[in-house]
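The values are calculated or read from the model by the stated rules, or taken from the named source; none is laboratory data. Just so it is clear, the structure is predicted and the values come from calculations on it, not from any experiment. Because the Cβ atoms are built from the backbone with ideal geometry, glycine has one as well, and the counts that use them run over all protein chains shown. The protein model used for the area step is the full one, side chains on, heavy atoms only, and it has no ligands, DNA or RNA in it. Shrake-Rupley method; radii C 1.70, N 1.55, O 1.52, S 1.80 Å.
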Amino acid sequence: MGFFVKTAPVKESAAVPLEEPRFQRLRTELHHKLVEMIDVSKLGHWKQDRLRREVRLVSQQLIDETGEKLLEADRDRLLQELQSEIFGLGPLDKLMGDPTISDILVNGCNQVWVERFGRLEPTTLSFADDAHLMQIIQRIAAKVGRRADEMSPMVDARLSDGSRVNAIIPPLSLEGPVLSIRRFGVRLEAENLLSNGTMPEEALQLLNAAVEARISTLISGGTGSGKTTFLNVLSRYIPRDERLVTIEDAAELRLQQPHVVRLETRPANMEGAGEVRQRELVKNALRMRPDRIIVGEVRGEEALDMLQAMNTGHEGSLATIHANDTRDALTRLEMMVMMAGYEIPIPVVRHYIGSAISLVVQLARLKGGKRRVVRISEIVGLKKNRYCVRHIFAYRQTGVAKGRAIGRFEATGYVPRFLQRLRASGIDLPESLFAARTLSLDNAEEQA
Ligand SMILES: Nc1ncnc2c1ncn2[C@@H]1O[C@H](COP(=O)(O)OP(=O)(O)OP(=O)(O)O)[C@@H](O)[C@H]1O
Ligand SMILES: [Mg+2]
């Protein structure tokens, strides 16, 4: 066969259904044998599909050699899982195929958690041992030219489907190797955010108009509150004839427009050289004749250049920021501007921010896992060196029922000033949209 080193004759015996622990042991045993038999020198030369075929053949042979007469179902599963061990993410492959899972969290070899519909739940999956888990981590790291080891015990990577991965290993992690995967299998669209109660129809109507009319918007929220998802959804409303440049640490945005240039930062290499930061990318983007710049998540000194862009002809730029409320988002932005290292006086920084950002969408992950737009606010500039923040729509939590937050959306009655700018772009939103009232949601369950 060439690729594999040795083979052996087949034995016969009676059929038995396999108990789970026995199945696991058999898989581990066959996996080890399979790895031993692989002639690594051939790995680089063969095409993926040929490799897969060969591994499948030899797996079949190894299964026969065990002398176990397996049920068809057990045998298929064994073959499938051996392929996963060699080419995929081992036990995690099963989860990767489930579109309802949004996060996969592995805390050492014996604990695998998943998040579904905003809630964490344990699974019965496990790895044979920490070495097995490490093997999977190394495979993921290798894809981005990295290795997790003593020298670099933290690794960020991305899977081919766009999922984002972080691994942190001992001695930094005390639980054994820890792997966190944020899936991008589930793609949420505006309609989903309406039907699952993330925001009411009126909010989307306003945001749609604002994005189209180039109102610079900041999407703020805590970890996992749905910022990136929301930015993706809003980006739909950017007219298709604009040139967009996106800047990200790990490319997660999936813009639908035909004219998009995606830029991604680069971490330093093993020798600590070659790092390219978001700030340099924002600066470079400005020389690329963009109509809008989209910063996946603004987190540092690049804030200055981004605001500069927003203030000088690139209105309509979008970004997300990690913050727990609207004012916190603005304060954080100030801190980030300071990080650029120029001694700009605070009033000037504030003026800068106040005139660059017109709209802030605040997201939150409420008790029970629900993601909601909790505020949509206009920044109308500064008064006595303080931001004038006017809430347009707001979510008021009224309590908690069955472990989940309950509440309602309201229009505050405030009519945004940028309505005039919308009109100038030919978008006429009725003022009645903003009349003070409780807003209803599509989904009856959400209103309860
Ligand atoms: N409105 C929503 N309704 C339900 N699930 C959502 C919503 N928004 C996001 N999610 C899910 O929540 C998870 C986190 O989403 P997302 O990556 O957009 O959050 P984030 O705030 O950008 O996170 P991070 O802080 O890690 O950057 C994803 O699995 C996503 O599918
Ligand atoms: Mg994000």
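Does the range 209-216 include one or more residues that are open to solvent by 50 Å² or more (accessible area, probe 1.4 Å) and more than 22 Å from SER102 (Cα to Cα)?
We begin by selecting, within the range 209-216, every residue open to solvent by 50 Å² or more (accessible area, probe 1.4 Å); these are 212, 214.
Retained after the next criterion (residues that are more than 22 Å from SER102 (Cα to Cα)): 212, 214.
Checking the range 209-216: at least one residue is open to solvent by 50 Å² or more (accessible area, probe 1.4 Å) and more than 22 Å from SER102 (Cα to Cα).
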- Among the strands (runs of 3 or more DSSP E) lying completely within the range 343-437, list those that include at least 3 residues that are open to solvent by 50 Å² or more (accessible area, probe 1.4 Å). 371-383, 386-401, 404-411
- Message: Need the failing condition index for THR398 against (1) closer than 19 Å to GLY197 by Cα; (2) β-branched (Val, Ile, Thr); (3) in contact (Cβ under 8 Å) with a residue 40 or more places away in the chain, just the number.
- Response: (3)
- Task: Answer with yes or no whether GLU201 is farther than 30 Å from LEU26 by Cα, more than 23 Å from the chain's Cα centre (by Cα), surrounded by fewer than 20 Cβ atoms within 10 Å (Cβ to Cβ) and acidic (Asp, Glu).
- Result: yes
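Yes or no: LEU193 within 16 Å of ligand 2 (Cβ to nearest atom), closer than 25 Å to PRO430 by Cβ, open to solvent by less than 10 Å² (accessible area, probe 1.4 Å) and not hydroxyl-bearing (Ser, Thr, Tyr)?
Values: within 16 Å of ligand 2 (Cβ to nearest atom): yes; closer than 25 Å to PRO430 by Cβ: yes; open to solvent by less than 10 Å² (accessible area, probe 1.4 Å): yes; not hydroxyl-bearing (Ser, Thr, Tyr): yes.
Yes, satisfied.
In this structure, is LEU92 open to solvent by less than 20 Å² (accessible area, probe 1.4 Å), out of contact with any Asp or Glu (no Cβ under 9 Å at 6 or more places or on another chain) and under 18 Å from SER126 (Cβ atoms)? I'd like the intermediate steps shown before the answer.
On the way: open to solvent by less than 20 Å² (accessible area, probe 1.4 Å): yes; out of contact with any Asp or Glu (no Cβ under 9 Å at 6 or more places or on another chain): yes; under 18 Å from SER126 (Cβ atoms): yes.
Answer is yes for this residue.
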- Task: Output the residues belonging to the range 162-184 that are under 20 Å from the mean Cα position of the chain (by Cα) and more than 19 Å from GLU248 (Cβ to Cβ).
- Result: ALA167, ILE168, VAL178, LEU179
- Query: Could you count how many residues in the range 201-231 are closer than 20 Å to ILE353 by Cβ and within 13 Å of ligand 2 (Cβ to nearest atom)?
  - Reply: 5
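With GLY296, GLY354 as the choices, which residue is more than 16 Å from ligand 2 (Cβ to nearest atom) and small (Gly, Ala, Ser)? So that I can check it myself, show each step before the final result.
Details: GLY296 fails: more than 16 Å from ligand 2 (Cβ to nearest atom).
That would be GLY354, the only listed residue that is more than 16 Å from ligand 2 (Cβ to nearest atom) and small (Gly, Ala, Ser).
So that you can scan it fast, the table gives a plain yes or no per residue for (1) under 26 Å from THR223 (Cα atoms); (2) out of contact with any Phe, Trp or Tyr (no Cβ under 6 Å at 6 or more places or on another chain); (3) within 16 Å of ligand 1 (Cβ to nearest atom); (4) open to solvent by less than 10 Å² (accessible area, probe 1.4 Å):
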| position | (1), (2), (3), (4) |
| --- | --- |
| ARG277 | yes, yes, no, no |
| ARG287 | no, yes, no, no |
| ILE293 | yes, yes, no, yes |
| GLU301 | yes, yes, no, no |
| THR312 | no, yes, no, no |
| GLY316 | yes, yes, no, yes |
| ALA319 | yes, yes, yes, yes |
- the range 105-148: number of residues that are closer than 19 Å to GLY224 by Cα, touching a residue at least 24 places away in the same chain (Cβ under 8 Å), open to solvent by less than 70 Å² (accessible area, probe 1.4 Å) and not in a loop (DSSP other than H, G, I, E, B): 4
